[in-house]
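**Q** Let me give you the structure first, and then I'll get to my questions.
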Amino acid sequence: MRFVPINCIQEGMILGKGLPGVSGLMLLNKGAVIQSSYVCKLKELGYVGLYIEDDLSNDIEVIDVISQNVRLKTIRTIKNTLIAVQKDKELTEDSVDRIQNLMNDIVDSILVNRDAMINLIDLKVFDDYTYYHSVNVGVLAITLGVALNLSREKLYKLGLAAVLHDIGKVFISKNILNKPGKLTYEEFDIVKTHPQKGFEYLKKANLPLSSCKAVLQHHERFNGQGYPMGAEGEKISLFSRIITIADVCDALASNRPYRKALTPTEIVEYVMSEYGSLFDPALVDVFIKRIAPYPVGTCVLLSNGMAGIVAENYPDSCLRPKVKIIKHGMKDIEPFFIDMKTDTKSYNITITGLAEAI
Ligand SMILES: [Fe+2]
C-alpha cells in the first residue's frame, strides 16, 4: 500500500484502505476502483490523499493503531453525544457508558501496538471535522501517554478528556463558531469560555476530576500565555500538556478552508519551534521520537537521485527508514530495499523530500 496525494490520484487506482466519510460511515471501501467522477468529489470534500494498493506496493503494510471499525464507532458515538448534549443539555448515563467502553477499547489496542509510530497522514473530511478530530486527538494523546509509561487507568482518563476536550463549544453560539471572517474581541472572549463550560459540564456528569481538569486547561500554554487562567509550566496538568500537543498536531494535519494540510515533516518542525513556549519541552522530546516524519507508504526522494516507498519506520531513527526503491531519476528500475538505518552503504544517503507522482 502507498499514500498518493489527491492531485496525483488517477482513474482505475485501487483503494488500499477504506475511506471514512461523513457521520462516521464508510464512503468507499478497501478495494474500490477509483473513477474519474470520484476524484473531483474527494477533492471537494477535502481529502489530502488516498492509500492505494498496486503491484509496486503490495508488500508494504500500513498498520493502524486502532481498527477502522473502532474509529468509526467512536466517531459516531461522539457525534451522537454532542448532538444530544446540544439538544437536551444533559449527558445521559448511557452516553457516558458508551464513551467509556470505547475508550477502554482504544486504550487496549494502542497498548497492543505500543511500539507503533504515529502516522500524521490524515484521512478526514471537512464536514465532520470536529468528530474525526476529537477521536484523533484521543488516539494521539493516548499514544503519547503510552510512550510516557502512564498506567492503564491514567491512559483511560487521559483519553476521555482528549475526546471530549472541546465539549464546551456546544454551549457557544454556532454563529460565532462558524463565522467565516475574523472574530471581534468580544466574540473571541465568548469562545474563550469553552474550556470552563466544558469543565463544569463534565464535573456535573461525574467524570473523573483529572479528566475534567484537563478539559479546563487545554488552551493553557507552557509559557503561561494561554487561557483561561494563564497557568504556566507544571501548574498545567500533565493530561492538558499532552492534549495540547495532540490537538495542535492533528489540526495541522488536515486541510482547513484557510490553509492546506501540513506534511508530517512540517508538523515535526512546527512542534519543535514551539519547544517551551506552547508545548512542554519534556513532552516534545518524547513526542518527536514517536512521530514518523515519513510514515510507512509515503513516497520519498533520496539524495542519490532515487525514489521509493517507505516500508518501515524505526522509533530510534525517525529520519532513516527502510525504503523500497522503485525509480532512479525518471526511470523505473527493478525494485530493491535500502535500509537507511542499518545498511552501511547507505549512510551517505538522505531523504530530500516527498515524491508527489511516482
Ligand atoms: Fe478548545
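The values are calculated or read from the model by the stated rules, or taken from the named source; none is laboratory data. Computed from a predicted structure; not experimentally measured. Virtual Cβ from ideal backbone geometry, glycine too; neighbours counted across all protein chains shown.
**Q** List the strands (runs of 3 or more DSSP E) that sit entirely inside the stretch 1-100 and contain at least 3 residues that are out of contact with any helix residue (DSSP H, G or I) (no Cβ under 8 Å at 6 or more places or on another chain) and under 23 Å from residue 310 (Cα atoms).
**A** It comes to 2-5, 49-53.
Residue by residue, here is whether (1) modelled with pLDDT of 90 or more; (2) within 21 Å of residue 23 (Cβ to Cβ) holds:
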position	(1), (2)
55	yes, no
84	no, yes
89	no, no
103	yes, yes
107	yes, no
113	no, no
125	no, yes
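**Q** Of 120, 140, which residue is within 19 Å of residue 255 (Cα to Cα), in contact with a Cys (Cβ under 7 Å, 6 or more places away or on another chain) and part of a helix (DSSP H, G or I)?
**A** The conditions single out 140.
**Q** Also, quick follow-up: What about residue 176, is it in contact with a Ser or Thr (Cβ under 8 Å, 6 or more places away or on another chain) and over 30 Å from residue 146 (Cα atoms)?
**A** No; evaluated as a whole, the condition is false for this residue.
**Q** Only residues that are within 16 Å of the ligand (Cβ to nearest atom) and of a type in the set (D, E, K, R): list them for the stretch 128-169, please.
**A** Within the stretch 128-169, 166, 169 qualify.
**Q** On the basis of being within 14 Å of the ligand (Cβ to nearest atom), of a type outside the set (Gly, Ala, Ser) and in the same structural domain as residue 246 (by TED's automatic domain parsing), does residue 222 make the cut?
**A** Taking the combined requirement at face value, the residue does not satisfy it.
**Q** Could you give me the residue pairs with C-beta distances under 6 Å whose first residue belongs to the stretch 198-218 and is farther than 15 Å from residue 239 by Cβ, whose second residue is modelled with pLDDT under 95 and away from the ligand (no atom under 12 Å from the Cβ) wherever it lies, and which are 6+ apart or on separate chains?
**A** Within 6 Å, the pairs are 205/91.
**Q** Against the definition (in a helix (DSSP H, G or I) and either touching a helix residue (DSSP H, G or I) at 6+ places or on another chain (Cβ under 8 Å) or among the hydrophobic types (A, V, I, L, M, F, W, C) (or both)), how does residue 289 come out, yes or no?
**A** Yes.
**Q** Return yes when residue 273 is small (Gly, Ala, Ser), surrounded by fewer than 15 Cβ atoms within 10 Å (Cβ to Cβ), assigned by TED's automatic domain parsing to the domain that holds residue 141 and out of contact with any Leu (no Cβ under 8 Å at 6 or more places or on another chain) and no when it is not.
**A** yes
**Q** Can you find even one residue in the stretch 105-115 that is touching a residue at least 40 places away in the same chain (Cβ under 8 Å), within 16 Å of the ligand (Cβ to nearest atom) and not charged (D, E, K, R)?
**A** For the stretch 105-115, residues touching a residue at least 40 places away in the same chain (Cβ under 8 Å), within 16 Å of the ligand (Cβ to nearest atom) and not charged (D, E, K, R): absent.
**Q** Okay, next question. When you scan the stretch 154-163, do you find a residue that is surrounded by 20 or more Cβ atoms within 10 Å (Cβ to Cβ) and out of contact with any helix residue (DSSP H, G or I) (no Cβ under 6 Å at 6 or more places or on another chain), even just one?
**A** For the stretch 154-163, residues surrounded by 20 or more Cβ atoms within 10 Å (Cβ to Cβ) and out of contact with any helix residue (DSSP H, G or I) (no Cβ under 6 Å at 6 or more places or on another chain): absent.
**Q** So, in the stretch 314-358, exactly how many residues are under 20 Å from residue 119 (Cα atoms) and assigned to a strand (DSSP E or B)?
**A** Total meeting the criteria: 8.
Residue-by-condition table, conditions (1) outside the structural domain of residue 158 (by TED's automatic domain parsing); (2) surrounded by 15 or more Cβ atoms within 10 Å (Cβ to Cβ); (3) more than 16 Å from the ligand (Cβ to nearest atom); (4) not basic (Lys, Arg):
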site	(1), (2), (3), (4)
171	no, yes, no, yes
175	no, no, yes, yes
180	no, no, yes, yes
183	no, no, no, yes
189	no, no, no, yes
198	no, yes, no, yes
202	no, yes, no, yes
206	no, no, yes, yes
209	no, no, yes, yes
